[in-house]
1. Where the accessible area of the chain is counted over protein heavy atoms with a 1.4 Å probe, how much of it, in %, is carbon and sulfur?
2. Which whole-number percent is the relative contact order of the chain (Cα, under 8 Å, 6+ apart)?
3. Work through the residues other than Ala97 whose Cβ is under 12 Å from its Cβ and net out their charges, Lys, Arg +1 and Asp, Glu -1.
4. To the nearest 20 Debye, how big is the dipole of the chain about its Cα centre, given +1 on the beta carbon of each Lys and Arg and -1 on that of each Asp and Glu?
5. Rounded to the nearest 10 Å², what accessible area does Tyr37 have for a 1.4 Å probe in the complete protein model?
6. How far is the Cα center of the stretch 1-50 from the Cα center of the stretch 119-162, in Å?
7. Let me check something: with ligands and nucleic acids excluded, how do Lys12, Lys87, Lys40 order by accessible area (1.4 Å probe), largest to smallest?
8. Would you mind calculating the relative contact order of the stretch 73-173 from Cα pairs under 8 angstrom and at least 6 residues apart, reporting the percent as a whole number?
Amino acid sequence: MYNHKNWRDMNKEKTMTRQEAVEEIDEVQQEAYNAYYVQKAMNLLRKIQIESEVNDQWGNGDATQIHHIFPKSEFPQIAHYIENLIKLTATQHYTMAHPNNKTQQINKDYQLTCLLAKADTIEKSLQKFGEKYYRKESFIYVISIGLSTNDFGFSLTFPDIKRKLIQIYNNAA
């Protein structure tokens, strides 16, 4: 009876306390949940958005890429928001959004372009479908987290949001 392993310790290493084992499992589980929600948002965007959301000279071809406007590695808390994802062509994604195909870098000017285009997409979607896919409050939350600012109130209109974004990016340059 005393030589049997305790049922609470079945899946943990001997060098680890029970509390450490539970925390490790919780971390792994949370990462799995986060990855699931990011993938779910990306799949939804692929379903509802056929063409590139940014209409520019690099927008020719199929929009096959889903881009995080604010990088997933820097902002994991907003990585699963569809308001933080934008559909682009491969050229837009790897040439403009990530200069020279370096996915760890973000082109701030193109980030503004993406935010302005996303604002247009969200505004059109809200007019056509209501809050079926997007929420203005979620977009404002994504912007507030991504830009570390509280300048965006929920009462702002989309033209006001776009003006404020342009102002913030121009002042940062």
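The values are calculated or read from the model by the stated rules, or taken from the named source; none is laboratory data. This structure is a prediction, so every number in the text was calculated from the model and none was measured. Every residue, glycine among them, receives a Cβ derived from its backbone with ideal geometry; neighbour counts consider all protein chains shown. Side chains included, ligands, DNA and RNA excluded: accessible areas come from the protein's heavy atoms. Shrake-Rupley method; radii C 1.70, N 1.55, O 1.52, S 1.80 Å.
1. Numbers: 5490 of 11250 Å².
Ligands and nucleic acids excluded, carbon and sulfur reach 49 percent.
2. Here the relative contact order equals 17 percent.
3. Cβ neighbours under 12 Å give a net charge of 0.
4. Dipole about the Cα centre, nearest 20: 280 debye.
5. 110 Å²
6. One Cα centre to the other: 33 Å.
7. Lys40, Lys12, Lys87
8. Values: 71 pairs, mean separation 26.9, N = 101.
Relative contact order here is 27 percent.
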